[in-house]
1. Only residues that are without any contact (Cβ under 8 Å) to a residue 40 or more places away in the chain and either touching a strand residue (DSSP E or B) at 6+ places or on another chain (Cβ under 7 Å) or open to solvent by less than 10 Å² (accessible area, probe 1.4 Å) (or both): list them for the range 101-129, please.
2. With touching a Ser or Thr at 6+ places or on another chain (Cβ under 7 Å), among the aromatic types (Phe, Trp, Tyr) and over 19 Å from Asn16 (Cβ atoms) as the only criterion, which of Tyr99, Tyr138, Tyr107 stands out?
3. All but one of (1) within 14 Å of the chain's Cα centre (by Cα); (2) open to solvent by 50 Å² or more (accessible area, probe 1.4 Å); (3) free of Cβ contacts under 8 Å to residues at least 40 places away in the same chain hold for Trp42, so report the exception by its number.
Amino acid sequence: FNPTEERDEQPEYVFNTDHPGLQQIYNAVVEMGVTDPVVPMWVPDGYELLEVKKYAEPTEATFFALFSNNKNFIQFNVAITSECEAYQHAKDKEVVGVYELSGAKHYIISNLETLTATWIVNRTECTIVTDCQEEELYKLLKSIYTMED
C-alpha cells in the first residue's frame, strides 16, 4: 500500500453470467439505456426464461421478464421514468424489510405467499417478484452486484 498512489474504491462493474436468459435480459436493459447494475447474474438451477416484454411510452419505458422452473416463478421488472415517482406495491404485512447493497436500499415486501424486492437507481425502478424461498431472493439481489457467494 502506497499512500501517495491513487486508488479506485469501487471496482468497475462487469456483468457476467452463464445463464442465456439473464444475458438476454441484460442486453435488453442496456439497449433501453440502463447502465447501472440492475440485472441479476444468477437464478436458481432449473429456471428458464419464459417471457419477455418491452413497452415504450412518451414518459416511461418498461421491461418485463418471467422465469419459471415449472413449480416456482421469478418475475423481473424495470421501469425507466421521466418522473421520480415510485410505484405502489401490495403487501400483507406492515413491516417492510430493507436490505442495503452497494448503496441501494432494496425494500422487501410479502404479499399472498410471494416476496417482492423493489429499489430505485437514478430514474430506474426495479422489481423482483417471486414465490421462491427468502434466502434465494437475497442471493438474487446479491448477484446483481457480484457473483461472489
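The values are calculated or read from the model by the stated rules, or taken from the named source; none is laboratory data. What you see is a predicted model, and the numbers here were worked out from it, not measured in a lab. Reconstructed Cβ throughout: ideal geometry from the backbone, glycine too, with neighbour counts over all protein chains shown. We work out accessible area using only protein heavy atoms, side chains counted, and drop any ligands, DNA or RNA first. Shrake-Rupley method; radii C 1.70, N 1.55, O 1.52, S 1.80 Å.
1. Just the residues of the range 101-129 that are without any contact (Cβ under 8 Å) to a residue 40 or more places away in the chain, to begin with: 103-120.
Ala104, Lys105, His106, Tyr107, Ile108, Ile109, Thr114, Leu115, Thr116, Ala117, Thr118, Trp119 - these are the residues of the range 101-129 that are without any contact (Cβ under 8 Å) to a residue 40 or more places away in the chain and either touching a strand residue (DSSP E or B) at 6+ places or on another chain (Cβ under 7 Å) or open to solvent by less than 10 Å² (accessible area, probe 1.4 Å) (or both).
2. Details: Tyr99 fails: touching a Ser or Thr at 6+ places or on another chain (Cβ under 7 Å); Tyr138 fails: touching a Ser or Thr at 6+ places or on another chain (Cβ under 7 Å).
When all the criteria are applied, what remains is Tyr107.
3. (3)
Yes or no, residue by residue, for (1) open to solvent by 40 Å² or more (accessible area, probe 1.4 Å); (2) β-branched (Val, Ile, Thr); (3) assigned to a loop (DSSP other than H, G, I, E, B); (4) in contact with a His (Cβ under 7 Å, 6 or more places away or on another chain):
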{"residue": "Leu22", "(1), (2), (3), (4)": "no, no, no, no"}
{"residue": "Ile25", "(1), (2), (3), (4)": "no, yes, no, no"}
{"residue": "Lys54", "(1), (2), (3), (4)": "yes, no, no, no"}
{"residue": "Phe63", "(1), (2), (3), (4)": "no, no, no, no"}
